[in-house]
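Novice: After the structure tokens below, expect a handful of questions from me.
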Ligand code: SAH
Ligand code: SF4
Ligand code: F3S
């Protein structure tokens, strides 16, 4: 037996990159690679990158710089860049970074074993085509190792929406949905390995329209209902959704499908109709608020989370106040907010930019409001009973930690709480980033 080769993967960006990194490691396993958690003894380093904001892309170049001495000491070490920066920069990255052996875009991961063999022969490779074939068809089946109680499962990839600020339609390509039968079999396989909760992933997951097992097309709602029939799978989540793709059946599923968790990430980006139009979001603040009302009518306790961009080109103080008004109207349980970052090749990058100090000030005001809402929503859990899927020991001895149906981190001190089990917990205290409580049953 030869020594196993060591693979170090670092993942940036969204949950889909986390999923893709797992699949890449599996794709390289037949070539003798095992995972290592340090770059120092790796035979191959893969950076799975994100291009969504400037800072995310910069991190990749500075990280590559830190690997330079490793590569100088061990010229056999192979360095690969995958993900959205790889897709966006491709050839240019190869030119700028002679130490990089491989640049591979998200649609080409099924080519990884062949490209790795090419690197072993001393070559370099760039692969950033959008092939007609589905990469998931060609990625090897997961080995049957047991795993933790939660998992991501990509069902849809790419985006046809072209919001004026966003690189995703360029880096991930057009919307593609995986056939329902394949998603169902992957879910069953995950359950057999110990998974009890899956989060269905897609850049526009609620636009899912995969081929049904008996022909025709399945919507996300149909897929969720079929997954709810999978024995042993207890919880289903999905992310990220676009407001315009929330159809009636999906809203209804939140009311009648017990395994669909009461948490919905539904980004709106801004509250001013003028800015929403310039962002090419194709909805208004009012239509978004009405939509939230309909979702809450189906599932009154649902926790809504969102994404916001401040300082989008031409955003005025008045526009920004409309964002604050929308936040007040919705009452978010969780939120991510960002300063607009001009991305090369996107329409908004060419427009008049907002003064950076002004954008920073707006970000701070928005985050203060969102932070207050988030805290109040979390604090309101105290005294309530929630269901917790326990995942791993908590920070202190004797603690077991997991997530409630609303995605709050919850910990208890109780030997009956085992990883992978679901228990009823009465919440007793709210901490800055978590809740604690006592187990009252299962
Ligand atoms: N597909 C999802 C999320 C895409 S990226 C959706 O449709 O909403 C995640 C978040 O990053 C976006 O929701 C947006 O808030 C933020 N984002 C995207 N491009 C950005 C940019 N150029 N500058 C700042 N934030 C951006
Ligand atoms: Fe980007 Fe989401 Fe808009 Fe698609 S819908 S362009 S992924 S922000
Ligand atoms: Fe980033 Fe690409 Fe995801 S740009 S957010 S890694 S789709």
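Novice: Return yes or no: is residue 151 over 30 Å from residue 85 (Cβ atoms) and away from ligand 1 (no atom under 16 Å from the Cβ)?
Specialist: Taking the combined requirement at face value, the residue does not satisfy it.
Novice: Would you check if residue 82 is over 26 Å from the mean Cα position of the chain (by Cα) and surrounded by 20 or more Cβ atoms within 10 Å (Cβ to Cβ)?
Specialist: It is false that residue 82 is over 26 Å from the mean Cα position of the chain (by Cα) and surrounded by 20 or more Cβ atoms within 10 Å (Cβ to Cβ).
Novice: Continuing with this model, one more query. With the requirement that a residue be exposed (fewer than 15 other Cβ atoms within 10 Å of the Cβ) and closer than 20 Å to residue 90 by Cβ, what does the stretch 42-60 give you?
Specialist: Within the stretch 42-60, 54, 58 meet the criteria.
Novice: Let me ask something else about it. If the Cβ limit is 7 Å and pairs must be 6+ apart or interchain, which residue in the stretch 402-428 that is closer than 9 Å to residue 386 by Cβ pairs with which residue that is outside any strand (DSSP E or B) and at pLDDT below 95?
Specialist: The qualifying pairs are 424/442.
Novice: Would you mind finding the one in 199, 146 that is in a loop (DSSP other than H, G, I, E, B), touching a residue at least 40 places away in the same chain (Cβ under 8 Å) and assigned by TED's automatic domain parsing to the domain that holds residue 248?
Specialist: Being in a loop (DSSP other than H, G, I, E, B), touching a residue at least 40 places away in the same chain (Cβ under 8 Å) and assigned by TED's automatic domain parsing to the domain that holds residue 248 holds for just one of 199, 146, which is 146.
Novice: Being touching a residue at least 12 places away in the same chain (Cβ under 8 Å), crowded, with 17+ Cβ neighbours inside 10 Å, touching a helix residue (DSSP H, G or I) at 6+ places or on another chain (Cβ under 9 Å) and assigned to a loop (DSSP other than H, G, I, E, B), is that true of even one residue in the stretch 207-227?
Specialist: Checking the stretch 207-227: at least one residue is touching a residue at least 12 places away in the same chain (Cβ under 8 Å), crowded, with 17+ Cβ neighbours inside 10 Å, touching a helix residue (DSSP H, G or I) at 6+ places or on another chain (Cβ under 9 Å) and assigned to a loop (DSSP other than H, G, I, E, B).
Novice: Of the residues that make up the stretch 254-273, is at least one away from ligand 1 (no atom under 16 Å from the Cβ), assigned to a strand (DSSP E or B) and either touching a residue at least 40 places away in the same chain (Cβ under 8 Å) or not assigned by TED's automatic domain parsing to the domain that holds residue 19 (or both)?
Specialist: yes
Novice: Still on this structure, I have one more. Could you pull out every one of the strands (runs of 3 or more DSSP E) wholly within the stretch 313-407 that has 3 or more residues that are over 25 Å from residue 296 (Cβ atoms)?
Specialist: 385-393, 399-404
Novice: Which one of 28, 47, 70 is in contact (Cβ under 8 Å) with a residue 60 or more places away in the chain and more than 16 Å from ligand 2 (Cβ to nearest atom)?
Specialist: It is 28.
Novice: I've got another one for you. Can you name the number of the only condition in (1) crowded, with 16+ Cβ neighbours inside 10 Å; (2) away from ligand 3 (no atom under 16 Å from the Cβ); (3) at pLDDT 95 or above that residue 134 fails?
Specialist: (3) is the only condition that residue 134 fails.
Novice: Filter the stretch 155-171 down to the residues that are touching a strand residue (DSSP E or B) at 6+ places or on another chain (Cβ under 6 Å) and either within 14 Å of ligand 2 (Cβ to nearest atom) or at pLDDT below 95 (or both) and list them by number.
Specialist: 156, 157, 158
Novice: Any idea how many residues of the stretch 158-181 are more than 18 Å from the chain's Cα centre (by Cα), assigned to a loop (DSSP other than H, G, I, E, B) and more than 14 Å from ligand 1 (Cβ to nearest atom)?
Specialist: Residues that pass the stated criteria total 1.
Novice: Right, next: List, please: which pairs have Cβ atoms under 7 Å, are six or more places apart or on different chains, and start with a residue in the stretch 335-359 that is on the phi > 0 side of the Ramachandran plot and end with one that is within 14 Å of ligand 2 (Cβ to nearest atom)?
Specialist: Filtered contacts from the stretch 335-359: 345/170.
The values are calculated or read from the model by the stated rules, or taken from the named source; none is laboratory data. This is a predicted model, so every value here is computed, not measured. When we count neighbours, we look across all protein chains shown, and the Cβ atoms used for this are built from the backbone with ideal geometry, even at glycine.
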